[in-house]
Amino acid sequence: DAGVTQSPTHLIKTRGQQVTLRCSPKSGHDTVSWYQQALGQGPQFIFQYYEEEERQRGNFPDRFSGHQFPNYSSELNVNALLLGDSALYLCASSLAGPSSGNTIYFGEGSWLTVV
Amino acid sequence: RKEVEQDPGPFNVPEGATVAFNCTYSNSASQSFFWYRQDCRKEPKLLMSVYSSGNEDGRFTAQLNRASQYISLLIRDSKLSDSATYLCVVNKGGSYIPTFGRGTSLIVHP
């Protein structure tokens, strides 16, 4: 049973560049959420995708965008990178449903450094 | 006030000690509660859910106090391998999005 997989694991970008991060959810899961985790902080919710639509969005600027594909995999795109975007980007998958208690499972994350 | 608040620590305890963390939440409509564990430079992993009646899993006990809006995690007989950051997670009723605290760092030393 494949867990949540993310790529790349590490990358370095220059200010102003654009980056795309990828995520494949756990087998059987249809919902993908993206989180940003800065050093010493808890994960901050960026957005969630379900049925190829952005279902909910956190307090992040429009430079952060995403996509979900028919196979439930997802991409996170960040444009015009700033130094402050340096963080661990976590993808989490879960099952959709009316219950708010569905457990989420994280991938190992993508470490982004902006220089 | 943050939605979910935790003391960042670190809590520095010897092996065999008992240690407890608290986490407070601001939204009284919150319905689901969890503790996640995060090792250094790794992803968070579910440690345990927190039920209204309290629950225990081996050396770990989680409790919920709705009146005071906090959850707690008790670790008995601490092991070196318990050293990690413990994240409190709260989910509002009707929301698909869990909110994370900043985590509490635990260091267990010999």
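For the protein assembly as shown, the antiparallel share of DSSP beta bridges with both residues in that region comes to about 90%. Here the protein assembly as shown is treated with +1 on each Lys and Arg Cβ and -1 on each Asp and Glu Cβ, and its dipole about the Cα centre works out to around 400 debye. Ordered from largest to smallest accessible area (heavy atoms of protein chains, 1.4 Å probe), the residues A:TRP111, B:TRP35 come out as A:TRP111, B:TRP35.
Ranked by solvent-accessible area (1.4 Å probe, protein heavy atoms only, all chains present), the residues A:VAL32, A:VAL115 order from largest to smallest as A:VAL115, A:VAL32. A Stokes-Einstein calculation at 4 °C with viscosity 1.567 mPa s, built on the Kirkwood radius of chain B over Cα pairs, returns a diffusion coefficient of 93 µm²/s.
Size of the protein assembly as shown from its Cα atoms: along the principal axes, largest to smallest, the extents are 48, 39, 39 Å.
Ordered by 1.4 Å accessible area with all protein chains kept, A:THR31, B:THR18 run largest first as B:THR18, A:THR31. Per the accessible-area calculation with a 1.4 Å probe, the total area buried between chain A and chain B rounds to 1900 Å². The aspartates and glutamates within cross-link reach of A:LYS26, meaning a Cα-to-Cα straight distance under 18 Å and a gap of 8 or more places when in the same chain, are A:ASP1, A:GLU51, A:GLU52, A:GLU75, A:GLU108, B:GLU43. 3J(HN,Hα) couplings calculated from phi for segment B:85-92 with the Karplus curve 6.51 cos²θ - 1.76 cosθ + 1.60 (θ = phi - 60°) are, in sequence order, 9, 10, 9, 8, 10, 10, 10, 6 Hz; Gly and Pro show x. Computed about its Cα centre, the charge dipole of chain B is approximately 260 debye, with only Lys, Arg, Asp and Glu carrying charge at their Cβ. At the residue level, B:LYS42 shows approximately 110 square angstrom of accessible surface with a 1.4 angstrom probe and all protein chains present. Summarised as an ellipsoid, chain A has semi-axes of 23, 14, 13 Å, derived from the eigenvalues of the Cα gyration tensor scaled by 5 and square-rooted, with the largest first. Look at the dipole of segment A:23-115 built from charges on Cβ: of A:ALA80, A:GLN56, A:GLY107, the Cα furthest out on the positive end belongs to A:GLY107.
The values are calculated or read from the model by the stated rules, or taken from the named source; none is laboratory data. This is a predicted model, so every value here is computed, not measured. Note that each Cβ is placed from the backbone with ideal geometry, even for glycine, and that neighbours are counted across all protein chains shown. Please note that ligands, DNA and RNA were not included when accessible areas were found on the heavy atoms of the full protein model with its side chains. Shrake-Rupley method; radii C 1.70, N 1.55, O 1.52, S 1.80 Å.
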